[in-house]
Amino acid sequence: MLNTLNKRVSCVLLLLAIGYLVLAYQLPTYPYTPVDADVIPKGLGFLLVGLAICLYFAKDSETQEQKARRNIPRKDIGALLAVFAFVFLYITLLEILGFVVTTAIFIFFCSLFLGYRKHITNLIVAILFPLFMYITFTQFLKISLPPSILPF
């Protein structure tokens, strides 16, 4: 039944999608909105269910080259764990420092860690991107993001 990697991964993804859908159906509904807040999460959950089912029935035999590519070097595992730590720190500080400050810090230090050495360009992007996203979401889309410790 679970003799290929695709089938094993699809079963894990299906369980993840079902758990995600259970949580998506617990989102509150708002009576006076044309598109409710749960539309996108439910759509993504059903898309993941569909893709997991397609992956289960995919006829892909694994070659030796594909097996060799699955082996991740120890150095890269350390980098993946460090980026995971950056993401965890980002999630932890998001409500405390706000979207703009936390995202700027995350972009700058994560890019620096991953080897980007143009510090001025990195700093400009790390500041302008979160500001652009904050203005887009709060002013144009009317979606509130965690307020910043900055005065705006």
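The values are calculated or read from the model by the stated rules, or taken from the named source; none is laboratory data. None of the values given here were measured: they were computed from a predicted structure. Note: ideal-geometry Cβ built from the backbone for every residue, glycine included; neighbour counts use all protein chains shown. Ligands, DNA and RNA are excluded from the accessible area calculation, which covers all protein heavy atoms including side chains. Shrake-Rupley method; radii C 1.70, N 1.55, O 1.52, S 1.80 Å.
Taking the Cα centre of region 30-90 as origin, work out the dipole magnitude from +1 charges on Lys and Arg Cβ and -1 charges on Asp and Glu Cβ, in debye rounded to 20.
Values: 7 positive and 6 negative charges, 68 e Å.
Once rounded to the nearest 20, the dipole reads 320 debye.
So, in nm, how far is label K67 from label R8 when the simple model puts each one 7 Å beyond its Cα toward the Cβ?
So the two model labels end up 1.2 nm from each other.
Please go through region 1-76 and write out the chymotrypsin sites (Phe, Trp or Tyr not before Pro) that DSSP classes as loop and that have at most 15 other C-beta atoms within 10 Å.
Working: sites: Y20, Y25, Y32, F46, Y56, F57; in loops: Y25, Y32, F57.
In loop regions of region 1-76 (DSSP not H, G, I, E or B), the sparsely surrounded chymotrypsin sites (Phe, Trp or Tyr not before Pro) are Y25, Y32, F57.
For region 1-140, what relative contact order do you get, as a whole percent, if you take Cα pairs closer than 8 Å and at least 6 residues apart? Working shown, then result.
On the way: 85 pairs, mean separation 26.0, N = 140.
It rounds to 19 percent for region 1-140.
Roughly how many Å is it from the Cα centre of region 81-152 to that of region 25-71, as a whole number?
Going from one Cα centre to the other spans 27 Å.
Lys/Arg Cβ at +1, Asp/Glu Cβ at -1, dipole of the chain taken about the Cα centre: which of F46, I135, P147 is farthest positive-ward?
F46
Per residue, how many Å² of accessible area does the chain show with a 1.4 Å probe?
Values: 11480 Å² over 152 residues.
Computed with neighbouring chains in place, this is 76 Å² per residue.
To the nearest 20 debye, what is the magnitude of the charge dipole of the chain about its Cα centre, counting +1 on the Cβ of each Lys and Arg and -1 on the Cβ of each Asp and Glu?
Roughly 520 debye for the chain.
How much of the accessible area of the chain, probe 1.4 Å, is carbon plus sulfur, in whole percent?
On the way: 8470 of 11480 Å².
It is 74 percent, rounded to a whole number.
What is the mean projected area of the alpha carbon convex hull for the chain, to one decimal in square nanometres? Intermediate values should be presented prior to the final figure.
Numbers: hull surface 52.8 nm².
Reported value for the Cα convex hull: 13.2 nm².
Suppose we flag trypsin sites (Lys or Arg not before Pro) only when DSSP calls them loop and at most 14 other Cβ atoms lie within 10 Å. Which is the longest uninterrupted stretch of the chain? Present the calculation step by step, with values, prior to reporting the outcome.
Values: sites that count: K59, R70, R117, K118, K142.
Longest gap between qualifying sites, sites excluded: 1-58.
What value, in deg cm²/dmol to 500, does the helix sum -39500 (n - 2.57) over DSSP H runs of n ≥ 4 give at 222 nm once divided by the residues of the chain? Walk me through the numbers on the way to the answer.
Working: 6 runs with 100 residues, N = 152.
That calculation yields -22000 deg cm²/dmol at 222 nm.
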